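The values are calculated or read from the model by the stated rules, or taken from the named source; none is laboratory data. The structure displayed is predicted, hence computed values, not measured ones. Cβ atoms come from the backbone with ideal geometry, glycine included; neighbour counts cover every protein chain shown.
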Amino acid sequence: MNSKRRKPRIGVFKFASCDGCQLSLLDAEDELLDVAAAVDIAYFPEASRAMLKGPYDIGLVEGSITTHHDAGRIQKVRKQCRTLITIGACATAGGIQALRNWVDTAEYVRAVYATPKYIRTLSLSTPIAEHVPVDFELRGCPINKNHLLEVISAALIGRKPNIPTYSVCVECKRRGNVCIAVAQGVACLGPVTQAGCGAICPAYGRGCYGCYGPMETPNTAALTDQFRILGNDGSQIRRAYRGFNAWAWEFRKAGEECE
């Protein structure tokens, strides 16, 4: 008699973040039902009280590492997961909280908390990949739910995920948008930002904020020159690069070159 095949087990883990990327998975609704039928969602505190212990076939990690405790916890998570996938800007690039990386964190702690001595935090907010090996990084703030389902499906059958690495400009062309940088002189990070959002901001006359982080081989030097032609000074350009993916290497380097 054939024994019943065990479903692959998924664990979803949260570190320093807003939970938005986990909510993107829950927002998949009907698609999530198909995923749930194919896998055993063994650990997902955001969605279920069932918290089964590892090991897990796939681990999805949201959030950055900002405390000594989490720096130790991510090591344990990595050991429990055969495949580790980081989801969202916090997990892949330190998140908006990585803006602390250019200031004196202790000074902010003293300003915000009545009893700073009880606060134990790291001076930097760093992506998961700076602490443990990561099998795939899924960008976005928040992530695209369809991309997440594609990554999970690919991991289950052992193939490379089909996630775009080209720029938001390609999405603008597909959408039929007039380039706001050329036509209106709007500062836009679209030429150096990875696609995934469907060019939402440019479609409504706003420059891209870089939510999906650097595209593959971004030419940030050329874009910085264009920003200067549009009348932006160094501080304005630096602020443009220091958003949701400020600690991503290409954006970090481009911003620091404007110091």
Matching residues in segment 234-259 - criterion: being more than 12 Å from ALA89 (Cβ to Cβ) and in contact with a Pro (Cβ under 8 Å, 6 or more places away or on another chain): TRP249, GLU250
Breaking point among (1) out of contact with any Leu (no Cβ under 8 Å at 6 or more places or on another chain); (2) buried (at least 17 other Cβ atoms within 10 Å of the Cβ), for ARG242: (1)
Of all residues making up segment 1-35, the number that are farther than 24 Å from CYS141 by Cα and not hydroxyl-bearing (Ser, Thr, Tyr): 9
Subset of segment 54-69 (residues that are closer than 28 Å to GLY158 by Cβ and not β-branched (Val, Ile, Thr)): GLY54, PRO55, TYR56, ASP57, GLY59, LEU60, GLU62, GLY63
Residue within segment 128-149 that is over 14 Å from the mean Cα position of the chain (by Cα) and at pLDDT below 95 present: yes
Selected residue [buried (at least 24 other Cβ atoms within 10 Å of the Cβ), under 28 Å from ALA246 (Cα atoms) and charged (D, E, K, R)] from GLU62, GLU46: GLU62
Filtered residues of segment 32-73 (kept if touching a Gly at 6+ places or on another chain (Cβ under 6 Å) and either in contact (Cβ under 8 Å) with a residue 60 or more places away in the chain or not in a strand (DSSP E or B) (or both)): SER64
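Taking the criterion of being of a type in the set (Asp, Glu) and within 26 Å of LEU32 (Cβ to Cβ), would at least one residue in segment 91-110 satisfy it? Can you show your working first?
Narrowing segment 91-110 to residues of a type in the set (Asp, Glu): 104, 107.
Narrowing further to those that are within 26 Å of LEU32 (Cβ to Cβ): none.
Within segment 91-110, none of the residues are of a type in the set (Asp, Glu) and within 26 Å of LEU32 (Cβ to Cβ).
Select from segment 105-146 the residues that are of a type outside the set (S, T, N, Q) and out of contact with any helix residue (DSSP H, G or I) (no Cβ under 9 Å at 6 or more places or on another chain) and write down the one among them that is farthest from ILE65 (Cα to Cα).
We begin by selecting, within segment 105-146, every residue of a type outside the set (S, T, N, Q); these are 106-114, 116-120, 122, 124, 127-143, 145.
This time we only want the ones that are out of contact with any helix residue (DSSP H, G or I) (no Cβ under 9 Å at 6 or more places or on another chain), so: 107, 111-114, 117-118, 130.
Details: GLU107: 19, ALA111: 22, VAL112: 20, TYR113: 20, ALA114: 24, LYS117: 20, TYR118: 18, GLU130: 9 Å.
Residue satisfying both the conditions and the ranking: ALA114.
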Tally of residues being buried (at least 17 other Cβ atoms within 10 Å of the Cβ) and either of a type in the set (Phe, Trp, Tyr) or within 17 Å of ALA89 (Cβ to Cβ) (or both) across segment 21-39: 4
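Let's see how each residue does on (1) surrounded by fewer than 21 Cβ atoms within 10 Å (Cβ to Cβ); (2) under 19 Å from ILE87 (Cα atoms); (3) in the same structural domain as ARG228 (by TED's automatic domain parsing):
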| residue | (1), (2), (3) |
| --- | --- |
| ILE152 | no, yes, no |
| GLY176 | yes, no, yes |
| CYS179 | yes, no, yes |
| VAL186 | yes, no, yes |
| ALA195 | no, yes, yes |
| ALA199 | no, no, yes |
| GLY205 | yes, no, yes |
